[in-house]
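The values are calculated or read from the model by the stated rules, or taken from the named source; none is laboratory data. Values in this document were obtained by computation on a predicted structure and should not be read as measured data. SASA here: full protein model, heavy atoms, side chains in, ligands and nucleic acids out. Shrake-Rupley method; radii C 1.70, N 1.55, O 1.52, S 1.80 Å.
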Amino acid sequence: MKEGIIKDTYELLIKELQTIISISYITIVGIGMLFNYHKYEEFGINIFEYADIFDFLIAPFSDFQILLFSTFSLLFVATLFRLDGYMMKKYPKAYSKFNFGRDKKPWYIMYRNAMFALSFFLYLYVAAEYYGSYAKQRVVDKDPITINFIGDKSLSGKLIGKTKDVIFILKGKTVSALPISSSVREIQVK
């Protein structure tokens, strides 16, 4: 009898772990897309026009700072949510005063969850904008690179980033998109 209960519990835990890992990966990919969008948007590039789905699936892992920030953000909001729940249980009178008695209303739990979710997305959006300006400053401070083409032509500029098919270069105030596997030599973006 106990063996069946242990086996059922083990299977339930494995099933829940798979769900948690899948949701976490999708969330981190979404965060990576948001951060990459703001990084390239600083240069006037709509990255969604140049990238394919595989570029975004590895986006959070291609830049360690995005992965670190995504993980930190998820842990920070989860910690705040748990701390709020702890305060609600441990100090109910002070918690109620702090929330002006709203925690006694029947809609409060839904309101609380919605506010944490909204705060999380707002926090991510503001952080992604900051990351975009930070990434732009890093590109501006980089040393220029030189790309040599077939036929003894070359192009110098600062590397903004790349997708599977396109390299983005900053030349002065002009942004160029260079297709990697095409006979097109350069597309000026801005």
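Some observations on this one:
- Within the same chain, aspartates and glutamates fewer than 8 places from K164 are excluded, and of the rest, those with a Cα less than 17 Å from its Cα are E49, D52, D55, D63, E186.
- The alpha-carbon of K15 sits under 18 angstrom from the alpha-carbons of these lysines, leaving out residues fewer than 8 places away in its chain: K7.
- Using C-alpha pairs below 8 Å separated by at least 6 residues, the relative contact order for segment 1-100 is 23 percent.
- Share of carbon and sulfur in the accessible heavy-atom surface of the chain [1.4 Å probe, %]: 65 percent
- Shape category assigned to segment 1-94 from the gyration tensor of Cα positions, a/c cut at 1.5: oblate
- Extension gain, S154 to K171, is 4.9 nm, computed as 0.36 nm per intervening residue step minus the present C-alpha separation.
- Length-normalised contact order for the chain - Cα pairs under 8 Å, 6+ apart - percent: 19 percent
- In this structure segment 57-107 gives 77 Å² per residue of accessible area when probed at 1.4 Å with all protein chains present.
- Stretching the chain fully between S96 and Y123 yields a gain of 7.2 nm (0.36 nm per residue, less the alpha carbon separation).
- For segment 40-147, lysine pairs with C-alpha atoms less than 30 angstrom apart, excluding pairs fewer than eight positions apart on the same chain, total 8.
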